[in-house]
Amino acid sequence: MRVDFIRIKEEPSEFELLLKESRFKLTLTNHRDNLVLLRGALTGRLDVECFRCGSDFEIDLDENFEFLLSCGVYVGGDQGLDVVEQFDQQIDLDGIFSSEIELIRSDYHSCLECS
Ligand SMILES: [Zn+2]
C-alpha cells in the first residue's frame, strides 16, 4: 500500500496491513517540517529461524515503534526520532512493513530445544 504525503492531515489516519500471520497497525499524522509521524504496532506471529540449529519456528510479535517519514531527502536537524526517507511523494507502507519484519527476523532467535 502506498499513501500520498498530501493525504496526511493533522488528524491521524489509520491503516492496517496483513502479511501472513503478522498484522501491522499504524497511524500517520502530519508533523512539522514536511514530515509525517508514524506510530505503529506489529502483532501476530512470525516465522523465524533458530540461530543455533537452523530450524524454523514461530514467535509472537509485540513491537511498538514511532518514527518520522520525510518526503524526499531529509535535510533538517535532529527531531529526537529516527527519520526515514520516502520518495515519489508517497509513503511505501508495504516497504516499511517488510523492513520492520526483516529487522525482527535478523535478530537472534532460539527455538525451544536450544534455549
Ligand atoms: Zn534450535
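Only the coordinates and a few stated rules stand behind these numbers; no lab work does. In this text the structure is predicted, and so the values were computed from the model without any measurement. Cβ coordinates were reconstructed from backbone atoms using ideal geometry, including for glycine residues, and neighbour counts include every protein chain displayed.
Return, ordered by residue number, the residues of the range 9-26 whose backbone nitrogen is under 18 Å from a label point located 7 Å along Cα→Cβ of D60.
The answer is 21-25, whose backbone nitrogens lie closer than 18 Å to the label point.
Roughly how many debye, to the nearest 20, is the charge dipole of the chain about its Cα centre, given +1 on each Lys and Arg Cβ, -1 on each Asp and Glu Cβ, and no other charges?
Dipole about the Cα centre, nearest 20: 220 debye.
Can you give the FRET efficiency for R23 and V73, using 1/(1 + (r/R0)^6), R0 = 30 Å, r = Cβ-Cβ distance, to the nearest 0.05?
Computed FRET efficiency for R23 and V73 comes out at 0.45.
Which order do L61, L93, L81, L18 fall in if you start with the one that has the fewest other Cβ atoms within 10 Å?
L18, L81, L61, L93
With r defined as the distance between the Cβ atoms of K9 and T43 and R0 fixed at 30 Å, what FRET efficiency is calculated, to the nearest 0.05?
Efficiency computed from Cβ-Cβ geometry: 0.70.
At what distance in angstrom do the alpha carbon centres of the range 73-115 and the range 30-65 lie from each other?
After rounding, the separation between the Cα centres reads 8 Å.
Stretch D33-F87 to full length: gain in nm at 0.36 nm per residue minus the Cα-Cα span?
17.9 nm
Using helices alone, what [θ] at 222 nm do you get for the chain, with -39,500 (n - 2.57) per DSSP H run of 4 or more residues, divided over all residues and rounded to the nearest 500?
Values: 1 runs with 13 residues, N = 115.
That calculation yields -3500 deg cm²/dmol at 222 nm.
Would you mind calculating the relative contact order of the chain from Cα pairs under 8 angstrom and at least 6 residues apart, reporting the percent as a whole number?
Relative CO of the chain lands at 25 percent.
In terms of modelled amide H atoms, which long-range or inter-chain residues lie less than 5 Å from the amide H of V84?
Long-range HN contacts for V84: L68, L69, S70.
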